[in-house]
1. Tell me yes or no: at least one residue of the range 29-47 is within 24 Å of GLY113 (Cβ to Cβ), more than 13 Å from the chain's Cα centre (by Cα) and surrounded by 12 or more Cβ atoms within 10 Å (Cβ to Cβ).
2. Out of curiosity, is GLU61 free of Cβ contacts under 8 Å to residues at least 60 places away in the same chain, among the acidic types (Asp, Glu) and surrounded by 13 or more Cβ atoms within 10 Å (Cβ to Cβ)?
3. Cβ-Cβ below 7 Å, separation at least six or inter-chain, first residue in the range 89-118 and β-branched (Val, Ile, Thr), second assigned to a loop (DSSP other than H, G, I, E, B): which pairs?
4. Strands (runs of 3 or more DSSP E) wholly in the range 7-109 with at least 2 residues that are polar (S, T, N, Q) and farther than 23 Å from PRO121 by Cβ - which ones?
5. Do the conditions hold for THR83, that is, is it of a type in the set (Val, Ile, Thr), touching a Ser or Thr at 6+ places or on another chain (Cβ under 8 Å), surrounded by fewer than 12 Cβ atoms within 10 Å (Cβ to Cβ) and farther than 19 Å from LYS116 by Cα?
6. Here is a list of conditions, (1) over 26 Å from TYR111 (Cα atoms); (2) surrounded by 11 or more Cβ atoms within 10 Å (Cβ to Cβ); (3) of a type in the set (Gly, Ala, Ser), and ALA19 meets all of them except one; can you say which number that is?
7. State which residue is surrounded by the most Cβ atoms within 10 Å (Cβ to Cβ) when the search covers only the range 65-79 and only residues that are farther than 15 Å from TYR95 by Cβ and touching a strand residue (DSSP E or B) at 6+ places or on another chain (Cβ under 9 Å).
Amino acid sequence: MKRNGFTFIELLVVITIIAVIFAAGVVSYTTISKNSRNARRSADMEAIRQALEMCRSIDGEYPAAVYPSVTCPLTTTIVTLKTTPTDPKCATTNYTYTPSGGGYTLTASCYEGGAKSLTNP
């Protein structure tokens with residue numbers, strides 16, 4: 001007897017295998033996307049930190065704000081970071097800069113896995 005096509009069990013096995021491979025791909029993509037956003041946040045925070053430290057070395061103090069740019073407080077013509085970066089995912093929540101005494105705290109509140117902060121003294 002000649003068989004035309006596949007049995008239901010054979011189709012079910014193939015569909016299950018494809019579904020498992022697809023699910024693994026989605027999980028991998030999500031993890032890679034999260035890690036790349038976090039890497040971008042870390043690089044952005046480092047760029048802001050470097051601009052703040054340049055202002056400190058030029059003027060002897062940190063600026064009062066970092067948005068829309070990092071401009072040295074005493075010599076306002078010196079801009080160390082023309083456009084302060086924004087968070088890659090949370091467009092409404094950018095990096096939080098809090099000057100305190102002779103230092104500052106820079107926080108990425110949308111950092112996936114918990115907020116990440118950089119503190120100078």
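1. no
2. Considered against the rule, which asks whether it is free of Cβ contacts under 8 Å to residues at least 60 places away in the same chain, among the acidic types (Asp, Glu) and surrounded by 13 or more Cβ atoms within 10 Å (Cβ to Cβ), GLU61 comes out as yes.
3. THR93/ASP87; THR93/SER109; THR93/CYS110; THR96/SER109; THR107/TYR95; THR107/ALA115
4. none
5. Taking the combined requirement at face value, the residue satisfies it.
6. (2)
7. For the range 65-79, the residue satisfying everything is CYS72.
Listed here are the residues, each with its yes/no results for (1) of a type in the set (D, E, K, R); (2) touching a Gly at 6+ places or on another chain (Cβ under 7 Å); (3) at pLDDT 95 or above.
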residue: ASN4; (1), (2), (3): no, no, no
residue: TYR29; (1), (2), (3): no, no, yes
residue: ASP44; (1), (2), (3): yes, no, no
residue: VAL66; (1), (2), (3): no, no, no
residue: ILE78; (1), (2), (3): no, no, no
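The values are calculated or read from the model by the stated rules, or taken from the named source; none is laboratory data. Every value quoted in this text rests on a predicted model; they were computed, and no experiment measured them. Note that each Cβ is placed from the backbone with ideal geometry, even for glycine, and that neighbours are counted across all protein chains shown.
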